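Working notes for the structure below.
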Amino acid sequence: MRWGINLTHPAHWQVFRAITGFHQQRSFNQLDHLSVADWVADDFPRGLYDLYFLPFAKSSLNAPDAMSAGELMQFFHFYFFGNPEGLAFNGTKQDMGTSLVQPIAEAIRAKGGTIITHANVSAITCSNDRICKLSYQSDATAETIPFWVTQNSAIPATTSQTFFGAGDRVFAVTQDEAISLTCTHQGCTVQPQASGEFHCPCHGAVFDAQGRVVRAPTKRDLPRYRINQRSQDRVQLASIAPSQTATQTIEADYYVFAPDVPGVQQLFDRMEGANVEVRSQISKLVVADPFAVCRFWFDSDFDWEHSNFASLSGYKLTDSITLYHRIQDQFIEWSKRTGGSVVELHAYCYKEKDFPTQQDLLTTFEQELYEIVPSLQQATLLHRELVNQKNFSGYPPGSYVDRPETTTAMSNLRFAGDWVKMPFPSGLMERAVSSGLLAANSILHQEGLQRRSLFTVKPEGLLQI
Ligand code: FES
């Protein structure tokens, strides 16, 4: 009742049945062809939408107009009807690298494993639906291996430049070459000026029209690229800096690909002899609208009676606020020493046409922060950092049927990640982790070894009508 459900409306009954009677196959069959926005367009309980469905859809980093209603039902079941912990979260006391990534890396090394980072895969060779070998170069920052980027129509072209890429990975492309617009200080996107210069909105770096540093804080020029090929709305670029390292090769019994969607698509671009069906599944994956995260450092603290992480609704950009100086050790310690505060705002899936530049994002985040915490208007803003990317998995209507699973038609290739179709309901991070465990289990099984138990939420809803 509090959600605005009125069971005398037949349409509300349908919604009630959908949320309480989740069934993996049936729910996707009934709802995957619809976007969340279309599903709720007519007679729909508004309270349920405003309080739960809208923040829920957005916290999956997918906008309601671009997200399958079947996927939303799966998340809803996972958190509210299948999971005794509901929406209770544990947070890490240090940053994710220190708390999660480093301990896993240490455990792998302690078992004799080798971790290779900053590598760029140059070729993957297949035969008879098996991967035979994978070649890579270990200087990924040079980007000497050609890669494709898609035109960005939200940034208007000038007389000499067209813009490709998205988020914090944008390139200005002229007739002859391309310049990366990712600032070499801390990665914000620099803005082209009428004078031909590029200005960084974050800490004031300036570069000339060739990408050479004119004003600090950075000391490194913007990287330049040659144009290898052009197709309809894409260009293929490669760094003009020569590669410093030789190509190396891995020949493994099994390969588990667990990158994000753009990453797995780049791997298939560089694969020779891939299974046609698997290649087609990978090419159909899509990325969601971009997300942005802005962290602010202030010289004073403020009163706050809500949770230290709180979802918000009704702002143009902001979807949540986190008070880092109350939850993570390094910021708690900094706050005690200085009296300051560290606050982060998230925008999970904004529309590029509404915020075409990072300056627009920074300005709106700052205005909305002062609306959310008015007393911060009296504080001094010491520093801010913006992360803005377009690489999160999309779950558009109709995508369920072709979504790749953990095992593939290629006998020694497995997939893991939040874009993988799962045999049980799963959230996003939970899907990334449990698809990795499923991939490991299938290798163990193929080797005749014992598999490990996996725990899931209750797989089906209470009311199977
Ligand atoms: S000056 Fe560009 S990110 Fe700092």
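Structure above, values below:
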{"quantity": "Solvent-accessible area per residue, Å², over region 45-136 with all protein chains present [probe radius 1.4 Å]", "calculated": "52"}
{"quantity": "Shape parameters for region 405-460, alpha-carbon atoms, Rg then Dmax in Å", "calculated": "11.2, 32"}
{"quantity": "Over 24 Å (Cα to Cα) - which of Lys353/Lys390; Lys93/Lys458; Lys58/Lys421 fall in this group", "calculated": "Lys93/Lys458"}
{"quantity": "Shape category assigned to region 174-313 from the gyration tensor of Cα positions, a/c cut at 1.5", "calculated": "oblate"}
{"quantity": "Surface accessible to a 1.4 Å probe, Lys133 within the full protein complex, Å²", "calculated": "80"}
{"quantity": "Cα gyration tensor shape for region 212-260, rounded if a/c is under 1.5, else prolate or oblate", "calculated": "prolate"}
{"quantity": "Table column - 3J(HN,Hα) (Hz), region 388-393, Karplus curve with 6.51, -1.76, 1.60, x for Gly and Pro", "calculated": "8, 9, 10, 8, 8, 4"}
{"quantity": "Accessible area of the chain belonging to carbon and sulfur atoms, whole % at 1.4 Å probe", "calculated": "51"}
{"quantity": "Enclosed volume per residue, in Å³, of the convex hull spanned by Cα atoms of the chain", "calculated": "180"}
{"quantity": "Nearest-10 value in Å² for the accessible area of Val190, using the 1.4 Å probe", "calculated": "0"}
{"quantity": "Long-range amide H partners of Gly398 with built H, under 5 Å", "calculated": "His33, Leu34"}
{"quantity": "Heavy-atom surface of region 276-435, accessible at 1.4 Å and reported per residue (Å²)", "calculated": "43"}
{"quantity": "Translational diffusion coefficient (Stokes-Einstein; Kirkwood radius from C-alpha pairs) of region 291-389 at 4 °C, 1.567 mPa s, in µm²/s", "calculated": "94"}
{"quantity": "Other-chain or far-sequence residues with amide H under 5 Å of Ala123's (modelled H)", "calculated": "Ser135"}
{"quantity": "For region 65-77, 3J(HN,Hα) per residue [Karplus equation, 6.51 cos²θ - 1.76 cosθ + 1.60, θ = phi - 60°, Hz, x = Gly/Pro]", "calculated": "6, 10, 10, 5, 5, x, 5, 4, 4, 5, 5, 4, 4"}
{"quantity": "Long-range HN-HN contacts of Asn391 with modeled amide H, under 5 Å", "calculated": "Phe291"}
{"quantity": "Most to least packed among 308-314, 181-187, 20-26 [average Cβ atoms within 10 Å]", "calculated": "181-187, 20-26, 308-314"}
{"quantity": "Projected label distance in nm at Glu251 and Asp65, using a 7 Å step from Cα toward the beta-carbon", "calculated": "5.3"}
{"quantity": "Gain upon complete extension [Ser153, Leu100; 0.36 nm per residue less C-alpha separation]", "calculated": "15.3 nm"}
{"quantity": "Cα centroid of region 332-372 to Cα centroid of region 390-465, whole Å", "calculated": "34"}
{"quantity": "Calculated FRET efficiency for the pair Asp139/Arg17, C-beta based, R₀ 56 Å, to 0.05", "calculated": "0.50"}
{"quantity": "Pairwise centroid distance, computed over Cα atoms, of region 169-212 with region 254-268, Å", "calculated": "29"}
{"quantity": "Helix-only [θ]222 nm of the chain, DSSP H runs n ≥ 4, -39500 (n - 2.57) each, per residue, nearest 500", "calculated": "-7000 deg cm²/dmol"}
{"quantity": "Protection proxy ranking, peptides 419-426, 56-63, 36-43, average beta carbon neighbours within 10 Å, highest first", "calculated": "56-63, 419-426, 36-43"}
{"quantity": "For region 147-239, accessible area per residue (1.4 Å probe, heavy atoms of protein chains only), Å²", "calculated": "49"}
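The values are calculated or read from the model by the stated rules, or taken from the named source; none is laboratory data. All values derive from a computational prediction rather than experimental measurement. Every residue, glycine among them, receives a Cβ derived from its backbone with ideal geometry; neighbour counts consider all protein chains shown. Please note that ligands, DNA and RNA were not included when accessible areas were found on the heavy atoms of the full protein model with its side chains. Shrake-Rupley method; radii C 1.70, N 1.55, O 1.52, S 1.80 Å.
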